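Visitor: This is the structure I want to talk about, given as structure tokens.
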Amino acid sequence: MSRKTAEADNLRGMAETFYEWMRFTNYSGSTIKNRRVYLSYFFDWCEDRDLRTPQEINKPIIEADGCVVFLCPSQSNDHDP
């Protein structure tokens, strides 16, 4: 894993704000824990590629690295995604 940078820590800091919001809105502790775990994997991936800000993370970068992001529209939604 590459060394953390101040900007990468900012991603984690933003996530901490998100986790706090989840606690405030009564998400279960296990849901918050799972989000924390999976987002930490993503943040590690970003740090390994020197992606330091949210603005640097985009679909072409994710696709170029062989990652697959699925956006699953609701099965009941008749509109285009």
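Visitor: So, in segment 1-57, how many residues would count as being at positive phi and modelled with pLDDT of 95 or more?
Guide: Count: 1.
Visitor: Looking only at segment 28-55, which residues are assigned to a helix (DSSP H, G or I), loosely packed, with under 13 Cβ neighbours inside 10 Å and of a type outside the set (A, V, I, L, M, F, W, C)?
Guide: Within segment 28-55, Gly29, Ser30, Thr31, Lys33, Asn34, Tyr38, Ser40, Tyr41, Asp48, Pro54, Gln55 meet the criteria.
Visitor: Next question, about the same structure. Within the bounds of segment 13-21, is there any residue that is closer than 24 Å to Pro60 by Cβ, assigned to a helix (DSSP H, G or I) and under 15 Å from the mean Cα position of the chain (by Cα)? Outline the logic, then answer.
Guide: Taking segment 13-21 as the starting set, the residues that turn out to be closer than 24 Å to Pro60 by Cβ are 14-15.
Those left that are additionally assigned to a helix (DSSP H, G or I): 14-15.
Next cut, under 15 Å from the mean Cα position of the chain (by Cα) only: 14-15.
Looking through segment 13-21, at least one residue is closer than 24 Å to Pro60 by Cβ, assigned to a helix (DSSP H, G or I) and under 15 Å from the mean Cα position of the chain (by Cα).
Visitor: Cβ-Cβ under 8 Å, sequence separation 6+ or interchain: first residue in segment 22-47 and over 30 Å from Ala64 (Cα atoms), partner β-branched (Val, Ile, Thr) and exposed (fewer than 13 other Cβ atoms within 10 Å of the Cβ). Which pairs?
Guide: As it stands, the answer is Met22/Thr31, since those pairs meet every condition given.
The values are calculated or read from the model by the stated rules, or taken from the named source; none is laboratory data. Computed from a prediction, not measured in an experiment: that's the story for all the values here. Here Cβ is always computed from backbone atoms with ideal geometry, including for glycine, and neighbour counts include all displayed protein chains.
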